[in-house]
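The values are calculated or read from the model by the stated rules, or taken from the named source; none is laboratory data. Worth saying up front: this structure is predicted, and the values here are computed from it rather than measured. Here the Cβ positions follow ideal geometry from the backbone for every residue, glycine too, while neighbour counts run over all protein chains shown. Quick note on the areas: whole protein, heavy atoms, side chains included, nothing else; ligands and nucleic acids left out. Shrake-Rupley method; radii C 1.70, N 1.55, O 1.52, S 1.80 Å.
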Amino acid sequence: MTEEVTLTQSTVLDDTVSHLSRASLPKILKVQQGIVRAAHDFMFRKGLTQLMPLMLSPITDPLGNSVVDASIGYADQRWSLTKSMIFHKQLALMNPELNSLYIVSPNVRLEFSDRAATGRHLFEFTQIDFEFKGKDRFFVMEFMEELVNFVFRRLNEELPELILELRGELLPQYEKWEVCRTEKLEAALGPDYEQIKSEEATEPFWLLNHKREFYDKEDPKKPGTYLNYDMIWPEGFGEGLSGAEREHEYRQIKKRMAEVGTNQQAFAHYLEVAKEGGIPKTAGGGFGVERMTRFICRLKDVNEVTVFSRKPFAEAIF
Ligand code: ASN
């Protein structure tokens, strides 16, 4: 019995050491560093203000209750680990002098076991999350297209040998970004539409109108459809960004919360701000840093980007 336990532990330790000792890892990390560096530069040039991330708050993104909730008790309050900083992005833009912001934001999402082997999920990852006051989806989608081409150009210039080695060729510039609607793709390709279309695609594309959280704005012209957008990487790499125009009007937020089954008590203060007309009209999005690295380096699993494995349901010791 004791022997067996020792054996199991040493296997995990061996796996952990070989994971962090991979010869390819420093190269992958250098590419990831290049992405973050270029993204910072792009944000600076575009005038977005950087906020430091928060890891704890009484409210966080409910994510449609799709992950295990993680919270701790401190100073007589419950604090949730950040799943995304969506609400803090909106609230920070209440400052009349602040019009756009971004955060390199660590997110903890304790995925269920059905996402253990997707190759796209980590239970802890970083997204670059951004938000604009008074802008719409067209603006944000164009902003992201420009960002991708800017980052890819930079990587080709700064790390050409690494890109050639890891990707097999230099990075492209994408000209036309196809825009698809979820309901149409689903009708044509069935429930696996996103993966099928991603595998067929050679360029990133947009997917509009997902059913998601209450903060994604409902289209006033077409109730039951939503002004949100996912950017999907081609070659089967799947979702790379999600974002939306936001609900900011109290009545509409209440209606959407009732529809998606939000615990409104938990959002009492947020609702109070909304009731006073305090939530600004914004749009934004966030892209996964590790997923962009995975796409660029054409890695089988996003966990190949990590130094310390964060694969859902895989045992970790560090
Ligand atoms: N970052 C996303 C957004 O801006 C939210 C999320 O990650 N769930 O819409």
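If the Cβ limit is 7 Å and pairs must be 6+ apart or interchain, which residue in the range 242-269 that is under 18 Å from ARG137 (Cβ atoms) and within 16 Å of the ligand (Cβ to nearest atom) pairs with which residue that is of a type in the set (Asp, Glu) and in a loop (DSSP other than H, G, I, E, B)?
Filtered contacts from the range 242-269: GLU245/ASP136; ARG256/GLU247.
How many residues, within the range 119-134, are under 21 Å from PRO106 (Cβ atoms), in a strand (DSSP E or B) and of a type outside the set (Phe, Trp, Tyr)?
Total meeting the criteria: 6.
Does the range 146-177 hold any residues that are of a type in the set (Asp, Glu) and either surrounded by 13 or more Cβ atoms within 10 Å (Cβ to Cβ) or over 30 Å from LEU227 (Cα atoms) (or both), and which are they? Working first, answer last.
At the first step, the residues of the range 146-177 found to be of a type in the set (Asp, Glu) are 146, 157-158, 161, 165, 169, 175.
Passing the criteria: GLU157, GLU158, GLU161, GLU165, GLU169.
For residues in the range 202-218 being open to solvent by less than 10 Å² (accessible area, probe 1.4 Å) and closer than 15 Å to LYS255 by Cβ, which is farthest from the ligand (Cβ to nearest atom)?
For the range 202-218, the residue satisfying everything is PHE214.
Write out, first by first residue and then by second, each pair whose Cβ atoms fall under 6 Å of each other, whose residues are 6+ apart or on separate chains, and whose first residue, in the range 271-292, is under 30 Å from GLY238 (Cβ atoms) and within 12 Å of the ligand (Cβ to nearest atom) while the second is part of a loop (DSSP other than H, G, I, E, B) and open to solvent by 30 Å² or more (accessible area, probe 1.4 Å).
Qualifying pairs under 6 Å: ALA283/LYS135; ALA283/ASP136.
Go through the range 219-241 and give me each residue that's within 15 Å of the chain's Cα centre (by Cα) and either of a type in the set (A, V, I, L, M, F, W, C) or away from the ligand (no atom under 16 Å from the Cβ) (or both).
Passing the criteria: MET231, ILE232, TRP233, PHE237, LEU241.
Assess whether VAL67 counts as being open to solvent by less than 60 Å² (accessible area, probe 1.4 Å), away from the ligand (no atom under 16 Å from the Cβ) and under 21 Å from VAL289 (Cα atoms).
Values: open to solvent by less than 60 Å² (accessible area, probe 1.4 Å): yes; away from the ligand (no atom under 16 Å from the Cβ): no; under 21 Å from VAL289 (Cα atoms): yes.
No; evaluated as a whole, the condition is false for this residue.
Only one of ARG137, ARG167 is among the basic types (Lys, Arg), on the phi < 0 side of the Ramachandran plot and away from the ligand (no atom under 16 Å from the Cβ). Can you tell me which?
ARG167
Working carefully through the options GLY190, GLY168, find the one that is out of contact with any Cys (no Cβ under 9 Å at 6 or more places or on another chain), among the small types (Gly, Ala, Ser) and touching a residue at least 12 places away in the same chain (Cβ under 8 Å).
The match here is GLY168.
Give the range 135-165 a look and list any residue that's in a loop (DSSP other than H, G, I, E, B) and over 20 Å from ASN209 (Cα atoms), or say none.
Across the range 135-165, the qualifying residue is only LEU159.
If you take the residues in the range 90-101 that are in contact with a Lys or Arg (Cβ under 9 Å, 6 or more places away or on another chain) and either open to solvent by less than 20 Å² (accessible area, probe 1.4 Å) or of a type in the set (S, T, N, Q) (or both), which one is farthest from the ligand (Cβ to nearest atom)?
Among residues in the range 90-101 that are in contact with a Lys or Arg (Cβ under 9 Å, 6 or more places away or on another chain) and either open to solvent by less than 20 Å² (accessible area, probe 1.4 Å) or of a type in the set (S, T, N, Q) (or both), the one farthest from the ligand (Cβ to nearest atom) is ASN99.
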